[in-house]
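Since the structure comes first, as structure tokens, the remarks are kept for the end.
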Amino acid sequence: MFTGAFYFDASFWPLHVPIVHGQVQLSALDCLEAMPRPVKDRVLKQPGELWRLALYWADCVDYAYGLDDIGKLKSLSSRALEFALSGAKELAGAIAQLTVPKPNTKSILGFRMATEIFLKAVLIQESNASESELKRFGHRIGDIAMHCHTITGNKVFDTIVRNALVFPDVSARYDSFEWPFAQVWGAVLVAQTAGSALARQYSDRDLSSYVLASSSALATGGR
């Protein structure tokens with residue numbers, strides 16, 4: 001359904017969300033198919049990393065299945081859906097540049113673009129924002145996310161406002177600069193948060209709430 005990129009031990013590990021039918025048990029660690037068992041054991045021994053994995057995994061699952069639901073249920077206008085699918089392509093392309101032997105840190109710009117497009121899809125759906133209205137926001141992700149928070153009341157968009165500075169300016173696309181892996185990981189999280197917020201806003205997916213309420217993050221179940 002979707003492949004994310006989880007950062008641990010100075011590497012980006014592909015996190016595969018499988019295609020499932022009915023009710024099954026999904027394990028976040030099992031979705032890290034390429035991660036060797038000794039590395040998984042180190043994740044298990046670090047509660048902070050385990051918690052971070054559980055939350056990121058829930059975002060990936062809700063995003064993958066929520067976006068699929070949106071397409072089937074047609075819960076977005078055609079224009080908003082077009083933006084959502086465009087954002088999905090940007091996100092997938094950026095992730096593909098990380099889950100390789102030599103990660104391309106310039107993919108941070110792809111995560112920036114995916115975030116912007118997901119947020120603008122929300123503005124289109126909620127207020128039928130015109131092209132000229134969208135252009136007034138430019139590429140200011142913080143401003144776009146703040147407006148999404150205002151019109152939806154969803155506090156997740158406020159989280160994006162607070163973390164938008166992880167992205168370089170859009171003009172950095174002309175640079176040959178290498179970004180630190182930690183900063184790129186921060187960009188991954190913001191982009192995934194934006195995509196997952198969109199998916200949850202217009203579907204009934206919300207595995208993250210279950211993870212947050214669970215005392216055992218990796219024992220969570222999903223559809």
Handout entry: Where residue 79 falls short, out of the listed (1) in a loop (DSSP other than H, G, I, E, B); (2) more than 26 Å from residue 3 (Cβ to Cβ)
Key = (1)
Completion exercise
When (1) modelled with pLDDT under 95; (2) over 18 Å from the mean Cα position of the chain (by Cα) are applied to residue 168, the one that fails is (2)
Practice task
Could you pull out the residue among 68, 41, 30 that is open to solvent by 50 Å² or more (accessible area, probe 1.4 Å), without any contact (Cβ under 8 Å) to a residue 40 or more places away in the chain and assigned to a helix (DSSP H, G or I)?
Solution key: 41
Exercise for the section: Please verify whether segment 54-62 includes one or more residues that are open to solvent by 50 Å² or more (accessible area, probe 1.4 Å) and part of a loop (DSSP other than H, G, I, E, B). Expected result: no
Fill in the blank from the handout: Exactly one of 136, 205 is of a type in the set (Lys, Arg) and assigned to a helix (DSSP H, G or I), and that one is 136
Exercise for the section: For segment 103-118, state whether one or more residues are in contact with a strand residue (DSSP E or B) (Cβ under 8 Å, 6 or more places away or on another chain), closer than 25 Å to residue 6 by Cβ and surrounded by fewer than 23 Cβ atoms within 10 Å (Cβ to Cβ). Expected result: yes
Exercise for the section: Working only within segment 103-124, note down all residues that are closer than 13 Å to residue 147 by Cβ and either basic (Lys, Arg) or at pLDDT below 95 (or both). Expected result: 120
Completion exercise
When residue 122 is run through (1) open to solvent by 20 Å² or more (accessible area, probe 1.4 Å); (2) farther than 17 Å from residue 182 by Cβ, the failure sits at (1)
Practice task
Identify, from the list 75, 86, the residue that is of a type in the set (S, T, N, Q), surrounded by 14 or more Cβ atoms within 10 Å (Cβ to Cβ) and in contact with a Phe, Trp or Tyr (Cβ under 8 Å, 6 or more places away or on another chain).
Solution key: 75
Problem - From the options 115, 150, 99, residue that is under 14 Å from residue 191 (Cβ atoms) and either hydroxyl-bearing (Ser, Thr, Tyr) or in a loop (DSSP other than H, G, I, E, B) (or both) - result: 115
Completion exercise
Scanning segment 2-27 residue by residue, those under 16 Å from residue 181 (Cβ atoms), open to solvent by 60 Å² or more (accessible area, probe 1.4 Å) and either assigned to a strand (DSSP E or B) or not small (Gly, Ala, Ser) (or both) turn out to be 9
Problem - Top-ranked residue of segment 131-154 - restricted to ones that are of a type in the set (Gly, Ala, Ser) and open to solvent by less than 40 Å² (accessible area, probe 1.4 Å), ranked as nearest to residue 71 (Cα to Cα) - result: 145
Exercise for the section: Give the residues of segment 180-223 that are modelled with pLDDT of 90 or more and farther than 20 Å from residue 67 by Cβ, sorted by residue number. Expected result: 180, 181, 182, 183, 184, 185, 186
Completion exercise
Selection from segment 11-33 of residues at pLDDT below 95 and of a type in the set (Gly, Ala, Ser) yields 22, 27, 28
Fill in the blank from the handout: Among (1) assigned to a loop (DSSP other than H, G, I, E, B); (2) in contact with a Pro (Cβ under 9 Å, 6 or more places away or on another chain), residue 184 falls short only on (1)
Problem - Which listed residue is among the aromatic types (Phe, Trp, Tyr) and in a loop (DSSP other than H, G, I, E, B), from 157, 177 - result: 177
Exercise for the section: Only residues that are open to solvent by 40 Å² or more (accessible area, probe 1.4 Å), in contact (Cβ under 8 Å) with a residue 40 or more places away in the chain and within 22 Å of residue 201 (Cα to Cα): list them for segment 155-180, please. Expected result: 156
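The values are calculated or read from the model by the stated rules, or taken from the named source; none is laboratory data. Small disclaimer: the values here were computed from a predicted structure and weren't measured. So basically every Cβ, Gly included, is an ideal-geometry build from the backbone, and we count neighbours across all protein chains shown. These accessible areas exclude ligands, DNA and RNA; they are computed on the full protein's heavy atoms, side chains included. Shrake-Rupley method; radii C 1.70, N 1.55, O 1.52, S 1.80 Å.
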